[in-house]
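First comes the structure, then the notes that go with it.
Derivation of every value follows stated rules applied to the coordinates shown; laboratory data play no part. Since the structure is predicted, the reported quantities are computational estimates derived from the model, not experimental observations. In this analysis, Cβ positions are derived from the backbone assuming ideal geometry, glycine residues included, and neighbour counts consider all displayed protein chains.
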């Protein structure tokens, strides 16, 4: 009898059977319930896999966006520092700077 088979055997039977033999209505009803059960199980696993993959993709996209934004900020800081260095290259030091050994940045040197 079909109802005595294990789930794996029932699944194999459903996938390979031509249903040409004479089956009782109870057996066909049982097979239909089992088919619905397997379909729901596989559909649920598929949906879970899709949602997990979508979540992982979104998480990686957020990390990528954050990294790109951080890269842009760092490039702007490098450009600002390079501009300050370029403005100080050919500048003559004042007596105060020579005496203290420190370069004093003025607003015009520190502009963006």
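What is the angle, in °, between the Cα long axis of helix 25-89 and the longest principal axis of the Cα atoms in the chain? Nearest 10 is fine, range 0 to 90.
In the chain, helix 25-89 runs at an angle near 10 degrees to the longest axis.
Taking 0.36 nm per residue of separation and subtracting the Cα-Cα distance, what length does fully extending residue 75 through residue 27 add?
10.2 nm
Considering the chain as a Gaussian network with a 10 Å cut-off on Cα pairs, which listed residue, 36, 98, 48, attains the greatest mean-square fluctuation?
Greatest mean-square fluctuation among the candidates belongs to 98.
Quick one: among 87, 51, 100, which has the greatest mean-square fluctuation in a GNM of the chain with alpha-carbon springs under 10 angstrom?
100
Using 0.36 nm per residue of separation minus the Cα-Cα distance, give me the extension gain between residue 97 and residue 66 in nm, one decimal.
The span from residue 97 to residue 66 would gain 7.1 nm if fully extended.
Across the chain, how large is the tail of the calculated P(r) beyond 21 Å, expressed as a percent of all Cα pairs?
68
In a GNM of the chain with a 10 Å cut-off on Cα contacts, which of 23, 95, 39 has the highest mean-square fluctuation?
In this elastic network of the chain, the residue with the biggest mean-square fluctuation among 23, 95, 39 is 95.
Helix 7-16 versus the longest principal axis of the chain: what angle, 0 to 90°, nearest 10, using Cα atoms?
80
Using R₀ = 41 Å, calculate the FRET efficiency as 1/(1 + (r/R₀)^6) where r is the Cβ-Cβ separation of residue 51 and residue 5; round to 0.05.
On the way: r = 32 Å, r/R0 = 0.79.
The calculated FRET efficiency here is 0.80.
Residue 82 label point, 7 Å along Cα→Cβ, cut-off 17 Å on backbone N: hits in the stretch 62-76?
Counting backbone N atoms under 17 Å from the label point, the list is 71-76.
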